[in-house]
Amino acid sequence: SSLALTPAHRGVIRAAMTALWRPYTQMKTAAPPLEAVRTHGSRIVLADGRELVDGIASWWTAVHGYNHPHIAAAVAAQLEAMPHVMFGGLTHAPAERLAARLAALLPGDLNHVFFTDSGSVAVEVALKMAVQSWLNRGVTGRTRVLSFRGGYHGDTMGAMSACDPDEGMHRRFGAYLPAQVFCDLPGTDAETAALDAVLAFHRHELAAVIVEPLVQGAGGMRMHPPEVLATVARLARRHGLPLILDEIFTGFGRTGTLFACEQAGIVPDILCLSKALTGGTMALAATVATGAVFEAFWSDDPAAALMHGPTFMANPLACAAADASLDLFEREPRLAQARTIEARLAEGLAVLRGRPGIRDVRVLGAIGAVQFASPPDLAVLKARLVERGVWVRPFGDVLYLTPALTIGPADLDLLVASVVAEALRSA
Ligand code: PLP
């Protein structure tokens, strides 16, 4: 008998390998994923026993490291009491408490919290709030948003429409998406004048301005100084437009302050949170509005209500996890830890500056990014870093680190040394 696989065998194997459709993955050609079995601290344990130091805190979420006992205990207690209950017509203490705490922590009168279950949907809700707030005030025709080149706001339809239009990932959906207005971030006087002119030209069709404050994450870890953000806020206000800040990546200490907008001294009209909201343990997001936005929905008319309500919104387990995560920000020195990481990244990555093949090195808070002159082979780069015991997920021409804020000095040193060595090799 032959050892060769029959077509039937091949079919079984193929079915087993493709039952699970992976994210952002060409299933036919991509290397199989690594299997994670456990996590602890800032480490991921693989099925084959290897341990990787997580350089990116699970897509920028696990700010307290993995398996923090305080969050685990809070979730376990909530699991006993009530894992989930629908939120239509019912409420519960975990959600009420979390909303009150977020309102108290956020600047200005960002006091009205709408919970959803992912960052993309938090952005959808922000867009719906902006568009409907105009309609509720009797103003029609304001159906577009102004967004910035280099921006990334998520993978759902509305969120995709606000992503950089030249960014490859969503380009083929163009025909399905609302046509938004795009501008460069106002880093120079000319760009400021251009933004002012675009806002003036489009003002009667714009519902809002949306921006990622201080760093455009998935668009390439592009950083801008607080003054640029302040300029965006000033121009939005000048043209009577609500400002939506997407703090899904930057929120909860990543840039060195609890929220990035604090560094520019601005308060948006709507702010989106997710990712680190639960310390990276549960799917939860929040869209938070100021009193002025909320008031546009405050009416005797049922049709003026915000018509949104995901089945799992305000999931009690996730709210309990987020509440415990906020405890940790109060009790433990997370922002100081972010500053320590910033200093270590700045010092460690500086050797790459000016090297052939390296275009730029950028550090802000607990974010360190190395930009290559041309995109390296990302699969090779990732594989080499895994061999060094490091987990990263570079994109395009950027290799970056966004570790847990609690990462210890030895693990951080391993991340920095490995990134430096492999960046030099790949450049
Ligand atoms: N907005 C920003 C700034 C993000 O970085 C992301 C995710 O990377 C999103 C929105 C989308 O969030 P989610 O992946 O939870 O839908």
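The numbers here are math on the coordinates, done by the rules we state, and not lab data. Fair warning: this is a prediction, and the values are worked out from it, not measured in the lab. Here Cβ is always computed from backbone atoms with ideal geometry, including for glycine, and neighbour counts include all displayed protein chains.
Name the long-range amide H neighbours of Gly65: under 5 Å, sequence gap of 5 or more, or other chain; modelled H, no Pro or chain starts.
Residues meeting the amide H criterion: Leu405, Thr406.
Pull out the extension gain between Met82 and His308, defined as 0.36 nm times the separation in residues minus the alpha carbon to alpha carbon distance; nm, one decimal.
79.0 nm
Working out 0.36 nm times the residue gap between Thr25 and Asp48, then minus their Cα-Cα distance, what length gain in nm do you get to one decimal? Write out the running numbers ahead of the final one.
Details: separation 23, 0.36 × 23 = 8.28 nm, distance 2.26 nm.
The span from Thr25 to Asp48 would gain 6.0 nm if fully extended.
Applying the Karplus parametrisation 6.51 cos²θ - 1.76 cosθ + 1.60 with θ = phi - 60° to the phi angles of the range 135-141, what ³J(HN,Hα) value in whole Hz is obtained for each residue in order, glycine and proline being reported as x?
Result, ordered by residue: 4, 5, 8, x, 9, 9, x Hz.
Short version: ³J(HN,Hα) in whole Hz for each residue of the range 352-359, in order, from phi by Karplus 6.51 cos²θ - 1.76 cosθ + 1.60 (θ = phi - 60°), x for Gly and Pro, what are they?
Coupling constants for the range 352-359: 7, 4, x, 6, x, x, 9, 7 Hz.
In whole Å, how far is the Cα centre of the range 41-72 from that of the range 254-279?
23 Å
Taking only the C-alpha atoms, wrap a convex hull around the chain and report its volume per residue in Å³ as a whole number.
Values: hull volume 74.9 nm³, N = 427.
Enclosed volume per residue, from the Cα hull, is 175 Å³.
Which residue fluctuates the most in the chain, going by a Gaussian network model with Cα springs under 10 Å, if the choices are Arg22, Arg393, Arg142?
Of Arg22, Arg393, Arg142, the most mobile in the Gaussian network model is Arg22.
For the chain, what is the calculated [θ] at 222 nm in deg cm²/dmol (nearest 500), taking -39500 (n - 2.57) for each run of four or more DSSP H residues and dividing by its residue count?
That calculation yields -11500 deg cm²/dmol at 222 nm.
So if each residue of separation counts as 0.36 nm, and I subtract the Cα-Cα distance between Ala373 and Thr340, what length gain in nm does that give? Write out the running numbers ahead of the final one.
Details: separation 33, 0.36 × 33 = 11.88 nm, distance 2.84 nm.
Extra length from Ala373 to Thr340 when fully extended: 9.0 nm.
So which aspartates and glutamates can Lys382 reach, going by Cα to Cα under 20 Å and dropping same-chain residues fewer than 8 places off?
Qualifying aspartates and glutamates at Cα under 20 Å: Glu35, Asp48, Glu51, Asp54, Asp360, Asp397, Asp411, Asp413, Glu422.
State to the nearest 20 debye the size of the charge dipole of the chain about its Cα centre, where the only charges are +1 on K and R beta carbons and -1 on D and E beta carbons.
Its charge dipole is roughly 1000 debye.
Please identify which residues in the range 321-364 have an amide N closer than 15 Å to a label point set 7 Å out from the Cα of Leu424, following the Cα→Cβ vector.
Label zone hits: 348-358.
Tally Lys/Arg at +1 and Asp/Glu at -1 over every other residue whose Cβ is under 14 Å from the Cβ of Asn111; what's the total?
Summing Lys and Arg as +1 and Asp and Glu as -1 gives -3.
In whole Hz, what ³J(HN,Hα) sequence does the range 293-302 give by Karplus (6.51, -1.76, 1.60; θ = phi - 60°), x for Gly and Pro?
5, 4, 4, 5, 9, 8, 7, 7, 8, x
Determine the dipole magnitude for the range 192-273: charges of +1 sit on the beta-carbon of Lys and Arg, -1 on that of Asp and Glu, nothing else is charged, the reference point is the Cα centre, and the result goes in debye to the nearest 20.
120 debye
With a Förster radius of 45 Å, plug the Cβ-Cβ distance of His70 and Ala194 into 1/(1 + (r/R0)^6) and report the FRET value to the nearest 0.05.
E(calc), rounded to 0.05, equals 0.40.
How far apart, in nanometres, would the label points at Met17 and Arg393 be if each is projected 7 angstrom from Cα along the Cα-to-Cβ direction?
With each label point 7 Å from Cα toward Cβ, the separation is 2.2 nm.
For Ala410 and Arg384, what does the FRET efficiency come to when R0 = 25 Å and r is the distance between their Cβ atoms, rounded to the nearest 0.05?
With a Förster radius of 25 Å, E is 0.80.
Tell me which residues come under 5 Å, amide H to amide H, from Ile358 once H is placed; ignore anything under 5 positions away on its chain.
Here Ala373 satisfy the definition.
With each label point set 7 Å from Cα along the Cα-Cβ vector, what nm distance links Thr140 and Ala4?
In this crude label model, Thr140 to Ala4 measures out at 6.9 nm.
To the nearest 0.05, what FRET efficiency results for Ala230 and Glu205 with a Förster distance of 30 Å applied to their C-beta separation?
0.75
Most exposed first by the Cβ proxy, i.e. fewest other Cβ within 10 Å, how do Ile248, Ile266 rank?
Arranged by neighbour count, lowest to highest, Ile248, Ile266 become Ile266, Ile248.
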